[in-house]
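Colleague: Sending over a structure as structure tokens; questions will come in a sec.
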Amino acid sequence: MAECNLSVKESGDGTRPGASGMRFRVLCALTIIWFILLSFISFQPGDETTLISGGIAEAAENAFGSPFSTTRELELRIRAVAHPVSFFLLAVLLFLTVDAGGARLLGMLAALGVLIGWSFVSEVIKIPIPGRDFNWPDVIGNIVGVFIGFAAVLLLLQCKRLIMK
């Protein structure tokens, strides 16, 4: 049976956070901040998100040029890539937080389930927002980002454990 320990590791005297306890707190804060930022941007009306993505596309085009014929085409590509990339970052942060908190397989699987669920729910919530809609390709992009993040963290943790032996 897999063991799931959600307690935060403390220093030897139990009075102050040890290195892993501090790592957990920092990762937890970063995960929460990224989730709030992601949710804030995601739940803006369509015209607001168009301003944001259009500004990003324009800045990218000015800085790097563009292989696309219009800035709008670049913006649409950025929006498509934003889903897997933002959920990849959320997944990496959450899985590293779960690991730093001491949870192992069960904690990782629970986090995976939560992120897959949020990948779907975050699109459903957009239905009543003006200028936004539910989009299956975005759900799939979110889930792809989650699984790539999951695989990346598992690989990272496995490499870390092999090096530490």
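The values are calculated or read from the model by the stated rules, or taken from the named source; none is laboratory data. Please read these numbers as outputs of a predicted model, since none were measured by experiment. Note: ideal-geometry Cβ built from the backbone for every residue, glycine included; neighbour counts use all protein chains shown.
Colleague: Return yes or no: is Val8 modelled with pLDDT of 95 or more and under 26 Å from Phe150 (Cα atoms)?
Modeller: Numbers: modelled with pLDDT of 95 or more: no; under 26 Å from Phe150 (Cα atoms): yes.
It is false that Val8 is modelled with pLDDT of 95 or more and under 26 Å from Phe150 (Cα atoms).
Colleague: While we're on this one: Tell me the residue from Arg77, Arg132, Arg104 that is surrounded by fewer than 20 Cβ atoms within 10 Å (Cβ to Cβ), more than 25 Å from Gly46 (Cβ to Cβ) and basic (Lys, Arg), please. Reasoning before the result, please.
Modeller: Working: Arg77 fails: more than 25 Å from Gly46 (Cβ to Cβ); Arg132 fails: more than 25 Å from Gly46 (Cβ to Cβ).
Going through Arg77, Arg132, Arg104 in turn, just one is surrounded by fewer than 20 Cβ atoms within 10 Å (Cβ to Cβ), more than 25 Å from Gly46 (Cβ to Cβ) and basic (Lys, Arg): Arg104.
Colleague: Condition first: part of a helix (DSSP H, G or I) and not charged (D, E, K, R). Now tell me which residues in the range 119-141 satisfy that.
Modeller: Applying the first criterion (part of a helix (DSSP H, G or I)) to the range 119-141 yields 119-124, 136-141.
Residues satisfying the conditions are Ser119, Phe120, Val121, Ser122, Val124, Trp136, Pro137, Val139, Ile140, Gly141.
Colleague: Looking only at the range 42-49, decide whether some residue is among the charged types (D, E, K, R), crowded, with 16+ Cβ neighbours inside 10 Å and either at positive phi or assigned to a helix (DSSP H, G or I) (or both). First the steps, then the outcome.
Modeller: Quick first cut of the range 42-49, residues among the charged types (D, E, K, R) only: 47-48.
Then drop every residue that is not crowded, with 16+ Cβ neighbours inside 10 Å, which leaves none.
No: the range 42-49 contains no residue that is among the charged types (D, E, K, R), crowded, with 16+ Cβ neighbours inside 10 Å and either at positive phi or assigned to a helix (DSSP H, G or I) (or both).
Colleague: A further question on this structure: Could you say whether any residue in the range 65-78 is assigned to a helix (DSSP H, G or I) and within 18 Å of the chain's Cα centre (by Cα)?
Modeller: Taking the range 65-78 and keeping what is assigned to a helix (DSSP H, G or I), we get 71-78.
Going one step further and asking which of them are within 18 Å of the chain's Cα centre (by Cα), we end up with 78.
Yes, that holds for at least one residue.
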